[in-house]
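Structure first, commentary second.
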Amino acid sequence: MTALTLRADQAGERADAFLARSVPGLTRSGAQKLLERGGVLLNGAPARKNDRLVPGDALVVSLPDPEPVDVRPQAIPLDVVYEDGDVIVVNKPVGMVVHPAPGHPDGTLVNALLYHCGKSLSGINGALRPGIVHRIDRDTSGLIIAAKNDRAHLALAAQLQDHSLARTYEAVAVGGFREDRGTVDAPIGRHPVDRKKMAIDRRSGREAVTHWSVLARYPGCTHLECRLETGRTHQIRVHLASIGHPLLGDTVYGAKKAVPGLAGQCLHARRLRFVHPATGQPVELECPLPGWFQEVLDSLGESV
């Protein structure tokens, strides 16, 4: 069992909602089951899922031991950018799925990490996502960090929440931008009809903020740098599409016709900055643009 001590920071929030927001990998339904089993103490007494919290309330959460991992390790080459006893940062290639899911039972980053790291991965996100702190889409390349123990995982997850774990992407968007930089501040939630997609949801979506700046302009397209202030699913793709500039090659949020020679959206996680969970020192990492991305830029002609 892993015991965590958390302190409520919002007045009136339900205990199950707070736990789902605060514990990495814990869903709302998972939080409710944990509460029903007596796995959470609120100020020393068993908590109920509908208990309303006030700032300063102390919750002690006893997480069950992770389930045995039934995902098989696979000797898939990894481009390791940084590694120590607590974390590993990988430059994920385009086309690689992060964790097993229906339709992708193996060949994932998790399969590769299990082979590379052995049992040295955190168990907080469950049997199918050991070590995974955040994810990037299959057709997005670039830097992704994984934790080798629960302590590191919790520390990195806290940095995701307070935005001190900074991620910067490069992208090619369709169309021209008049301004040199800007911000999209629009909440994101599940699409009301297509549940596989995300959408701007100003009523019940979660806060989402993306800062963008122009790196170069080309006929019909713009090379952008995008800095995430939050980390919602498909955030950059949804935000840029919402302002009329979907990513080049994004057949989900942009044109339905694929771009020849491009596997998916033109998006690369270029830079990563975090505070090391053990040393407290800042770590800043960068990986170059992959060849396929540079080929896209070259195909666009001279910048204007």
- Query: So which of ALA147, ALA166, ALA155 ends up being over 18 Å from LEU109 (Cβ atoms), among the hydrophobic types (A, V, I, L, M, F, W, C) and either under 14 Å from the mean Cα position of the chain (by Cα) or at pLDDT 95 or above (or both)?
  - Reply: ALA166
- Message: buried (at least 17 other Cβ atoms within 10 Å of the Cβ) and at pLDDT 95 or above: is that true of ASN111 in this structure?
- Response: no
- What is the residue count in segment 259-278 for residues that are farther than 29 Å from GLU179 by Cβ, of a type outside the set (Val, Ile, Thr) and in contact (Cβ under 8 Å) with a residue 40 or more places away in the chain? 5
- Please go through segment 33-52 and pick out each residue that is under 26 Å from the mean Cα position of the chain (by Cα) and surrounded by fewer than 20 Cβ atoms within 10 Å (Cβ to Cβ). LYS33
- Message: I need the full set of residues from segment 232-247 which are more than 11 Å from VAL184 (Cα to Cα) and in contact with a Phe, Trp or Tyr (Cβ under 8 Å, 6 or more places away or on another chain), in order please.
- Response: HIS234, ARG237, HIS245, PRO246, LEU247
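Of the residues that sit in segment 259-284 and are of a type in the set (Val, Ile, Thr) and open to solvent by 30 Å² or more (accessible area, probe 1.4 Å), which one is nearest to VAL90 (Cα to Cα)? Before you say what the answer is, go through the steps one by one.
As a first pass, look at segment 259-284 and keep what is of a type in the set (Val, Ile, Thr): 259, 275, 279, 283.
Now drop any that are not open to solvent by 30 Å² or more (accessible area, probe 1.4 Å), which leaves 259, 275, 279.
On the way: VAL259: 27, VAL275: 17, THR279: 20 Å.
Applying the filter and picking the extreme gives VAL275.
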- Task: Name the single residue, out of those in segment 253-277 being at pLDDT 95 or above and among the aliphatic types (A, V, I, L, M), that is nearest to GLN159 (Cα to Cα).
- Result: VAL275
- Query: Residues in segment 288-301: is at least one open to solvent by 60 Å² or more (accessible area, probe 1.4 Å), part of a loop (DSSP other than H, G, I, E, B) and not aromatic (Phe, Trp, Tyr)?
  - Reply: yes
- Across (1) within 18 Å of the chain's Cα centre (by Cα); (2) without any contact (Cβ under 8 Å) to a residue 40 or more places away in the chain, GLN281 clears everything bar (1)
- Only one residue in PRO130, PRO187, PRO102 is over 15 Å from the mean Cα position of the chain (by Cα) and closer than 29 Å to LEU6 by Cα. Which one? PRO187
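Show me the strands (runs of 3 or more DSSP E) entirely contained within segment 184-258 in which 2 or more residues are within 23 Å of LEU289 (Cα to Cα) and either open to solvent by less than 60 Å² (accessible area, probe 1.4 Å) or touching a residue at least 24 places away in the same chain (Cβ under 8 Å) (or both). Break it down stepwise before answering.
Numbers: elements: 188-190, 198-200, 209-218, 221-228.
Because the criterion is at least 2 residues that are within 23 Å of LEU289 (Cα to Cα) and either open to solvent by less than 60 Å² (accessible area, probe 1.4 Å) or touching a residue at least 24 places away in the same chain (Cβ under 8 Å) (or both), the strands (runs of 3 or more DSSP E) in segment 184-258 that meet it are 209-218, 221-228.
The values are calculated or read from the model by the stated rules, or taken from the named source; none is laboratory data. From a predicted model like this one, the values you see are computed outputs, not experimental measurements. Ideal geometry is used to build each Cβ from the backbone, glycine not excepted, and the neighbour counts take in all protein chains shown. Surface accessibility is based on the protein's heavy atoms, side chains included, excluding ligands, DNA and RNA. Shrake-Rupley method; radii C 1.70, N 1.55, O 1.52, S 1.80 Å.
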